[in-house]
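Just so you know, all these numbers are worked out from the coordinates, no wet-lab data involved. Everything numeric in this text was worked out from a predicted model, so none of it was measured. Cβ placement follows ideal geometry from the backbone for every residue including glycine, while neighbour counts extend to all protein chains displayed.
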Amino acid sequence: MLDEDARSSLIAKSAQIRAMTLDAIGFLGVGHVGGCLSLVEVLTLLYYRHMHVDPKDPCLRTRDRLVLSKGHAGPTLYSILADRGYFPKEWLHTLNKGGTSLPSHCDCNLTPGIDMTTGSLGQGLSCGIGIALGNRLDGLDSLVYVILGDGECNEGQVWEAAQAAAHYRLNHLIAFTDYNNLQIDGYTHEIMSIEDITAKWVSFGWFVQRCNGHDFQQMDLAVKRAKNERVRPSMIVLDTIKGKGVASAEGQVTSHYMKLDYDSALQAIAQCSGGATDANE
Amino acid sequence: MNSQVEMRSVYAETLVELGQEDERIVLLEADLMRAHSTQCFRERFPERSINVGVAEANMVGIASGLSATGKKPFATTFACFAARRAYDQFFVSANYSRLNVNLVGTTPGITAELNGGTHMALEDVSLMRAIPHLVVFEPSDPVCLRRLVRRAASHEGCTYMRLHLGPTDELYDPTEDFEFGESKVLHSGRDVALIATGVVMVREALEAAELLSSRGLSATVVDMHTIKPIDRNRIIEVAASCGAIVTCENHQIVGGLGSAVAEVLGEEMPTPMARVGVNGEFGEVGPVNYLRERFGVTAAAICERAQEVVERKGR
């Protein structure tokens, strides 16, 4: 159970991260607003409460790792990495500029703190399995977190990986599905339904939980339970809102990739300081 | 040097030796361990042997993740699946990510034989050449195979190896060493250079050299075991000394060895050349001897094209 101080601290931090993410995308003028904002809380929880990492030693062998398989949510992760000291915060205004170290899709060779290059959907879970197997061969207890998108679960490779993770009993692998109900062309149930997503992961032999992806208490409990799992890989399905925190973007199909000029971003930042709280009241 | 040995056994044994020397070596298979005879690696190093079942894309992704933890994975499957099915995974998760994944594509080209056209990788080299920094190679005999697998294990970066599985004789002395990008001259001549790659076509080229000799023409035969990085110096050297070139590949003539050689010649030393290989057709089922005739990848075909390019010299 998160005590009140811890919870408040996470809420405040997620508001800051949401603001930094909007600032970065707004400074550029366009970006994957929806899918970045839906992940703010879970990434905040992981990087500020659960993950064993060292910003001064991004390549620490024993570190926990995170594969952002829905790699287009890079800007949110960059905000966190900047805040944690992996690189200067000024870099956030170089997002997607020529020669940048912060591309839209995560690149482990460009950005300190990024553990795996992603962007072509469906590949990250397989990579996470490889990392988990490598850790096991070296006798490490390090955890591997993988974040999938719901649309991404259309990709067949995700299910190849799902089989393999359970087959190899990768209990140090904890995955999340950012279930925000939307993909580029529309609602997931209209474009390509992934239902019953929870039952699917259960049938593949995973330890599955589902909770509100903007509620720190629920998510923290789910992560703790996942960490205690001794046999199966874990999947935590997060019910989220695409574009969470920006009224004009929330739940909008167009929020996947949208123009956002800097003035609008600053206005959204001013308005969304309470965006993380309603799930946490 | 005419006793036959199975290339698949040499591959498996070399991996076991490497595995003994270096605990970072990991084998990945996609339900083809029995085809590759790599069970010996699994018996020796069960924890480092990962079978993903029929899931090649997953296999390449897992290999990439393993590489990210410092392991040296060898991911093995039929060349058609390695190159076509798992191409994006190999491109993004392994190569674009600058990791060290060794992808092995077996039964290349017509050696897929009775598995037929769906399984016949005649375009894998073409696909792989286009990936920046990737080393692409095709050993022509067991000695070459042993040495180049070791080179792959110590290479910083990804590699793609075409692996002929069946029995073959040794072309090289067991002490011969090999480096990526350094071709070998198996026979020296003056009139035409036959540049070949792989178990089947290097031998066809050697036989073609004998046929040419009986027709009064002497041929150089080059084993271009590494298609990328191609041995530019050798190409220029034999273009200068022979003045005519025939490339010989178990592959489409588009995008593979022939194209690689033509690129060098076109830029450095335009020389009459001809490409022997599959000419824009899909593969089909049949034993190798039938397929060699069917697709014109024979010593006789090489000989004929060689005579043509020799005639074009000096025009």
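What list do you get for A:Asp150, A:Asp23 if you sort them by fewest beta carbons within 10 Å?
Values: A:Asp150 24, A:Asp23 21.
Fewest-to-most Cβ neighbours within 10 Å comes out as A:Asp23, A:Asp150.
Treating the angle as unsigned and between 0 and 90°, give the value, to the nearest 10°, between the Cα long axis of helix A:216-228 and the longest Cα principal axis of chain A.
Result, in degrees: 20.
Only helical DSSP H runs with n ≥ 4 go in: add -39500 (n - 2.57) per run for the protein assembly as shown, normalise by residue count and round the 222 nm mean residue ellipticity to 500 deg cm²/dmol.
Details: 21 runs with 226 residues, N = 596.
The helix contribution divided over the protein assembly as shown gives -11500 deg cm²/dmol.
Give me the inter-chain shielding for B:50-57: mean count of other chain Cβ atoms within 10 Å, whole number please.
5
What's the center-to-center distance, using Cα atoms, between segment A:240-256 and segment A:150-211 in Å?
Between the Cα centres of segment A:240-256 and segment A:150-211 lies a distance of 21 Å.
To the nearest whole number, what is the average tally of beta carbon atoms from other chains within 10 Å of the beta carbons of peptide A:114-127?
Per-residue shielding by partner chains comes out at 6.
Of all DSSP beta bridges located in segment B:116-233, what percent are antiparallel, nearest 5?
Working: 5 of 13 bridges.
Antiparallel: roughly 40 percent of the beta bridges in segment B:116-233.
Between B:Arg84 and A:Ser264, what FRET efficiency comes out of the Förster formula 1/(1 + (r/R0)^6) with R0 = 51 Å and r the beta carbon distance, rounded to 0.05?
In this case the efficiency is close to 0.70.
Can you give the local net charge around A:Leu133? Use residues other than it whose beta-carbon is closer than 12 angstrom to its beta-carbon, Lys and Arg +1, Asp and Glu -1. Before the final figure, lay out the partial values.
Details: positive: A:Arg136, A:Arg169, B:Arg48, B:Lys71; negative: A:Asp138, B:Glu47.
Every neighbour counted, the sum reads +2.
When a/c reaches 1.5 or more, the comparison of a/b and b/c decides; with that in mind, is chain B rounded, prolate or oblate per its Cα gyration tensor?
Working: a/c = 1.80, a/b = 1.74, b/c = 1.03.
Prolate, since a/c reaches 1.5 and a/b exceeds b/c.
Please list, or write none, the lysines whose alpha carbon is within less than 21 Å of the alpha carbon of A:Lys97, excluding same-chain residues fewer than 8 places away.
A:Lys70, A:Lys89, A:Lys259
With the Cα gyration tensor of chain A giving a ≥ b ≥ c as the square roots of its eigenvalues, does the rule (a/c under 1.5 for rounded; else a/b larger than b/c for prolate; else oblate) give rounded, prolate or oblate? Mind dumping the intermediate values first?
Values: a/c = 1.41, a/b = 1.27, b/c = 1.11.
Rounded, since a/c falls under 1.5.
I'd like the distance between the alpha-carbon centres of segment B:81-103 and segment B:261-315, rounded to an integer number of Å.
30 Å
Once you average over the residues of A:162-168, how many Cβ atoms of partner chains fall within 10 Å of each Cβ?
Values: counts 1, 4, 9, 2, 0, 3, 3.
Average neighbour count from other chains, rounded to a whole number: 3.
Counting other beta carbons within 10 Å of each Cβ, put A:Val67, B:Val199 in order, fewest first. Present the calculation step by step, with values, prior to reporting the outcome.
Details: A:Val67 31, B:Val199 27.
Fewest-to-most ranking of A:Val67, B:Val199: B:Val199, A:Val67.
Pop the C-beta distance of A:His52 and B:Arg98 into the FRET formula with R0 = 22 Å and round what comes out to the nearest 0.05. Before the final figure, lay out the partial values.
Working: r = 25 Å, r/R0 = 1.13.
In this case the efficiency is close to 0.30.
Cut-off is 10 Å between beta-carbons; in what order do A:Ile17, B:Ile236 appear when sorted fewest neighbours first? Please list the in-between numbers first.
On the way: A:Ile17 26, B:Ile236 16.
Least crowded to most crowded, the residues run B:Ile236, A:Ile17.
How far is helix A:262-271 tilted, in degrees, relative to the longest principal axis of the Cα atoms in chain A, given as a value from 0 to 90 rounded to the nearest 10?
70 degrees
Near B:Ser213, within a Cβ-to-Cβ distance under 12 Å, what is the net charge of the other residues, with Lys and Arg +1 and Asp and Glu -1?
On the way: positive: B:Arg190, B:Arg215; negative: B:Asp191, B:Glu207, B:Glu210.
Neighbour charge sum, excluding B:Ser213 itself: -1.
Which FRET efficiency value, to the nearest 0.05, do you get for A:Ala199 and B:Glu43 by plugging their Cβ-Cβ distance into 1/(1 + (r/R0)^6) with R0 = 35 Å? Walk me through the intermediate numbers first.
Values: r = 38 Å, r/R0 = 1.10.
Taking R0 as 35 Å, the efficiency between A:Ala199 and B:Glu43 is 0.35.
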